[in-house]
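What follows is a single structure, written as structure tokens, with notes after it.
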Amino acid sequence: MPEIDKATFDELKQMSGADFIGELIDAFLDDAPNMIQNMQTALSAKDVESFRRNAHSLKSNANTFGATRLGVLAKELEFMAKENNLDIGNRLEVVKDAYDKVAEELKGMRS
Amino acid sequence: MTSTHEPGRLLVVDDNKVNRILLSRGLEQYGHIVETAENGKQALEMLKRGEYDLVLLDIEMPEMNGYQVLEACLQDAELRDLPIIMTSSLDELDSVVKCIELGAEDYLNKPVNYVLLRARVNASLEKKRLRDEQRKLIRTFTTKEVADELLKTGFSLRGNFVNASVMFADIRSFTALAESQPPDEIIEMLNDYYALMFDAITSHGGSVNQMMGDGLMAIFGAPVYYEDHSERAVRAALEMLELLDGFNQSQVAQNKSQIKIGIGVASGQVIAGFTGTQHRAMYTCIGDTVNLAARIEDYTKSIDQSILIDSYTYKDLPDSIKTQPLGPVVFKGKSVSIDVYSVETDSHKA
């Protein structure tokens, strides 16, 4: 089961231009690990606001590329933080794992 | 899509790199000039330094979030009218509603769709252009104070009752004058004349709201209320005559025709407001007072007086302005007689 929804991705590619999609993917691969790292840091520091904001950004980008599952997972974390709940169990691990798979797929879709 | 549009200078504010480049790309492809800011604080600094036509503003940001930027812009006289389109994800509907209520121009969902992005941006830019044009137009018809007041209160097409003084001024026997001179000289003379009259009127806080060939209508006390609107109108009338004196002297020196005018002022309640459509509107006043001012101005010709005023204008004048009672006059279309006063034209020298 692929992580990236092909229809959403193709639409993005067509909209922004095929020559541009590589730059967009690179920006995401550049930024997303920081977001996840920031969430980790915020979790240790019990900084709900920072955790929520980074989960929000990750969700936003995941949805842009059609990484539907990652988007749903990030959204769940965003909402938990919104409720002031950082009792997230292993959910951040699941997010990392999902992101790794998304990243692999996107690398193959660059051209 | 190749609809005609003018490029705008836009600021994209988003803490997220992917969103920033996606938005910039979509707008640059369309010919707009795009700059980006990574957070609200940076955005506000850029807005205060540079000139932008439109802002695309993310809500969720560190440092200063979208609300704070929006509020700061709305409180800043220079940035208040800058259109701001909020960009947000679908599940932030509450936040979007809050922003629109605060005064954001529009909103756009992320992930962004380029067709919608361009349509909303172009619509906002077009609206801004209309507003800017309206503002320019307003500035040419009124004083800066009046224009500022109008821009602050907005261009609602609602009317309201106000107490004000209405002035009509007209060139005597203009038709004969027009027939005896070449057209370009007539237009030049009219333009010089209007420039002087505008000066006299606006420097006393009045605004000219109509020009009809050789005549004009001005209002004092609206849209900005002045307690002393009667005195302002009469003092403006006196200055108009004084400026016209100088104008006539230079006309004589150049062997050109002189201009004589009659001015009528009436005060009281008028209905004032913008009439027209959202795209083309003018500030205007209607009511008995307006009608009376026009009749009084007309009457100046019959009795060869320069400035005539009604009793409501008269009663608010200070003693330093000298007047002569001319007794009651029954004007056409009026059932009761009106006490009319002439203003002594050298009373401004007192």
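Read the figures in this text as sums done on the coordinates, not as results from a lab. Not measured: the values here are computed from a predicted model. Every residue, glycine among them, receives a Cβ derived from its backbone with ideal geometry; neighbour counts consider all protein chains shown.
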FRET efficiency for B:LEU116 and B:ASP304 from the Cβ-Cβ distance with R0 = 51 Å, rounded to 0.05, comes out at 0.15
Segment A:11-32 versus segment A:91-111: alpha-carbon centroid distance in Å
15
Per DSSP helix of 4 or more residues, -39500 (n - 2.57); summed, then divided by the residues of chain B. What does that give at 222 nm, rounded to the nearest 500?
-14000 deg cm²/dmol
Counting other beta carbons within 10 Å of each residue's own, what order do B:SER89, B:SER311, B:SER95 fall into, fewest first?
B:SER311, B:SER95, B:SER89
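Is segment A:6-108 rounded, prolate or oblate when judged by the Cα gyration tensor, a ≥ b ≥ c being the square roots of its eigenvalues, rounded requiring a/c under 1.5 and prolate requiring a/b larger than b/c?
Prolate is the answer for segment A:6-108, as a/c is 1.5 or above and a/b outweighs b/c.
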Can you give the convex hull volume of the alpha carbon atoms of the protein assembly as shown per residue, in Å³?
199
List, largest first, the extents of the alpha carbons of segment B:281-323 along their principal axes, each in whole Å.
38, 26, 16
Determine the relative contact order of chain B: mean sequence separation of Cα pairs under 8 Å and six or more apart, normalised by residue count, in whole percent.
12
Among the DSSP beta bridges whose two residues both lie in the protein assembly as shown, what percent are antiparallel, rounded to the nearest 5?
65
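If neighbour count is taken as other Cβ atoms inside 10 Å, put B:ILE201, A:ILE88, B:ILE100 in order from fewest to most. Working shown, then result.
Values: B:ILE201 26, A:ILE88 18, B:ILE100 13.
Ordered by Cβ neighbours within 10 Å, fewest first: B:ILE100, A:ILE88, B:ILE201.
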Average Cα contact separation per residue, segment B:142-349, under 8 Å, 6 or more apart, as relative contact order %:
23
Once you have the Cα-Cα distance between B:LEU93 and B:ASP245, take 0.36 nm times their residue separation minus that, and quote the gain in nm to one decimal.
48.2 nm
Quick one: how many lysine pairs in segment A:6-108 have C-alpha atoms under 16 angstrom apart, if they're 8 or more apart or on different chains?
9
For segment B:64-140 and segment B:205-279, compute the distance between their C-alpha centroids and round to whole Å.
39
Return a whole-number percent for the relative contact order of segment B:9-139, with Cα pairs under 8 Å and 6 or more residues apart as the contact set.
22
So, by mean Cβ neighbours within 10 angstrom, what's the order for B:252-260, B:217-225 with the highest one leading?
B:217-225, B:252-260
